Amino acid sequence: MNKILENKYPYLTNFFETALKENRLFHSIIFYGSNCYSQYAIALELARKLNCLENGSNDCTCQNCRWIRENRHPAVMTVSKLDNKTDKSKTVISEEQINMVLDTMYNSSEFHRVFIFCDAQITDTKTNDYDEFISTGFNPPQGDEEKIWYPLGLNITCLSSVASNAMLKSLEEPHSGVTFIFLTNSKDDLLPTIVSRSQVFYVPDTKIYQYNTDFLNQPFHSYPYIPKEKAVDLAQYLLNYQLENNLEPAYILDSIQYYFTELIKSNINNQVMVNIIFRDIEKIQESKKMIKSYIKEQTVYEDLAFYLTKS
Ligand SMILES: [Zn+2]
């Protein structure tokens, strides 16, 4: 896998490396998190691995690898309101566009087709996310020195239920040699019918890498086997730490999420453990949403603590 992505997301690249080797990559994949450029880079790297004519090595210069890096491979398509349009709608991925995608699937191809669905915008400001993306060696589908293409998370406005429903059958009865990848900030921004037919991966924002998680070492000492009777203590501990240090609850939740992603790194070969952590990271996403909808912190911590402890 791409070295930069490997350093940033070792558990994801490790997972995909194994899935590709054992030929058990899901036909529909959802990446979610706040950094869509990272998601987009991982999607392109998967497309490259699936299409490489050699052994998929990082520095491969075969035609497929080159075209995918340059983002002009005919079988690797970015589908957004700005990319691969077939009609004049400027604010949504249209049903017509989806039908065009589905039509191309029926043409036989020597390539592995990868469709990357996202929202997108063009701006004239470069951000760190953009620079980091460029450093992976991949290129955006369009834009130039002045105009920068940015991927954004899908939501039900830009990928309507009509457009989503148009592809449900294809998600249900996958074609060999076709992979769908959806980029989004939150799973809840996609129709449940798409989520239930896909393999879902959280892609953490690398900015959360600045969190100091020393305060979590003691309460999470026996994780993932913290006994249920410790749940109330754990919730209280998190609340006290937040209040005593004058922190936002979102900071506490981000810290736990970061702590867990680090745990994945150190347990990378223990698939059972990795699965537990993936599941718990998803739960923290839920807790963050509860905080945003003004549910009391104590309630959120208790709900989380009960989920993370085992009877
Ligand atoms: Zn190659």
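Okay, residues lined up against (1) β-branched (Val, Ile, Thr); (2) at pLDDT below 95; (3) on the phi < 0 side of the Ramachandran plot; (4) surrounded by fewer than 16 Cβ atoms within 10 Å (Cβ to Cβ):
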position: Ser108; (1), (2), (3), (4): no, yes, yes, yes
position: Phe115; (1), (2), (3), (4): no, no, yes, no
position: Tyr130; (1), (2), (3), (4): no, yes, yes, no
position: Pro151; (1), (2), (3), (4): no, no, yes, no
position: Ala166; (1), (2), (3), (4): no, yes, yes, no
Residues of segment 81-99 classified as surrounded by 16 or more Cβ atoms within 10 Å (Cβ to Cβ) and touching a Lys or Arg at 6+ places or on another chain (Cβ under 9 Å), total: 6
Of all residues making up segment 64-101, the number that are of a type in the set (Val, Ile, Thr), away from the ligand (no atom under 13 Å from the Cβ) and in a helix (DSSP H, G or I): 2
Residue in segment 40-63 that is within 29 Å of Ser186 (Cβ to Cβ), at pLDDT below 95 and within 16 Å of the ligand (Cβ to nearest atom) present: no
Qualifying residue in segment 179-199 (condition: in contact with a His (Cβ under 7 Å, 6 or more places away or on another chain) and either assigned to a helix (DSSP H, G or I) or closer than 21 Å to Leu102 by Cβ (or both)): yes
Filter result for Leu239 (more than 22 Å from Met77 (Cβ to Cβ), modelled with pLDDT of 95 or more and either aliphatic (A, V, I, L, M) or buried (at least 20 other Cβ atoms within 10 Å of the Cβ) (or both)): yes
Positions within segment 3-24 being over 20 Å from Glu262 (Cα atoms) and either in contact (Cβ under 8 Å) with a residue 24 or more places away in the chain or in contact with a strand residue (DSSP E or B) (Cβ under 7 Å, 6 or more places away or on another chain) (or both), in sequence order: Leu20
Any hit, segment 27-44, residues being more than 22 Å from Pro151 (Cα to Cα), in the same structural domain as Asn139 (by TED's automatic domain parsing) and surrounded by fewer than 19 Cβ atoms within 10 Å (Cβ to Cβ): no
Output for segment 169-197, where each listed residue is of a type in the set (Ser, Thr, Tyr) and either without any contact (Cβ under 8 Å) to a residue 24 or more places away in the chain or buried (at least 19 other Cβ atoms within 10 Å of the Cβ) (or both): Ser170, Ser176, Thr179, Thr184, Ser196
Check on Glu110, within 16 Å of the ligand (Cβ to nearest atom) and charged (D, E, K, R): yes
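The values are calculated or read from the model by the stated rules, or taken from the named source; none is laboratory data. Note that the structure is a prediction, hence the values are computed from the model and not measured. Neighbour counts are summed over all protein chains in view; Cβ atoms, including those assigned to glycine, are modelled from backbone coordinates with ideal geometry.
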